Structures are given as structure tokens and as C-alpha cells.
Amino acid sequence: MTRIEKSEKVAASAETLFTALKDYEHYARWNPIILDTKDEVRRLNLDGTMPFQKISIFHEKNPYMIESGEYLKTDANGKDTTVTFYVVPKDGKSLEKIHKGADIMVKSLKHYAEYLENGGKAEQYSKLRVL
């Protein structure tokens, strides 16, 4: 089965990233691909403890993907975190779209987490800053 992965080094703690990722209802706040999370049926798995190893979301109604998620790894300096976003597509027909979406997702998450890490308020964030 095909698996697509994109990684970014983020100047934010694993805890800040974890807070953003577990707040699925507000993904539309920072993710340009998601307009609304109300209709998305998903099951969320958190593997490991803080710093956690993996978040997985299993998409039951998404036409493009079976599963997506993130891995976080705190860098040796203890200040930065490498986030890896992965997607398991349903088929090979949408791979280009999924690659582009994965790039946007990981860059948007990086921008949002760095904004929060620097004292920004989640409810004041605008994803238009990334676009």
C-alpha cells in the first residue's frame, strides 16, 4: 500500500504541536485544505505518551484517503520538533492531489505551531497568513 510522508522542522515544542493536533474540531482554523470538520467522520488514535509518538486519524467518509496522521520527534536541542505528516491514499488515482495537500498541511501546521509557541492566541490566528 502506498504511503506518502512530508516532514518539516518546527520551532515549537512537541506539546504545542500536540495541542494543535488533538484539537480536531479547530483544524479549519489553521489548515487551508479543511473548511469544516463537522462532516468528517474519523477515529483518532494517540499512540504513546508525551512526547507522544504518533497521532492517527482513520477517515471513514473521505474519498481520497484511508488514514492520515503525524509523528513528532523532539530534536536534540530540545527546542525544535520534527513533524512528519503521512497519508495512506485509497487508490493511486489521487496521488498528485494528496502530495500537494500533504505539503500544504505540514507547512500550515508548522506556521500555526510557531505562532502559538511565540505567544499567539489560537482564536486570533488566520490561515490566510500562510497563503
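Residues whose amide H falls under 5 Å from that of Val10, counting only those 5 or more places apart or on a different chain, are Thr81, Thr82, Val83, with hydrogens built in the peptide plane.
Among Leu95, Leu17, a tally of other beta-carbon atoms within 10 Å of each Cβ gives an order, fewest to most, of Leu95, Leu17.
Restricting to DSSP loop positions (anything but H, G, I, E, B) with no more than 16 other Cβ atoms inside 10 Å of their own Cβ, which GluC sites (Glu not before Pro) remain in segment 60-115? Can you show the working numbers first?
Working: sites: Glu60, Glu67, Glu70, Glu96, Glu114; in loops: Glu60.
Taking segment 60-115 and a limit of 16 other Cβ atoms within 10 Å, the loop GluC sites (Glu not before Pro) found are Glu60.
Each value in this text was obtained by applying a stated rule to the coordinates, not by laboratory testing. A quick note: this is a predicted structure, and the numbers were derived from the prediction, not measured. Using ideal geometry, Cβ is built from the backbone for each residue, glycine included, and neighbour counts are taken over all protein chains shown.
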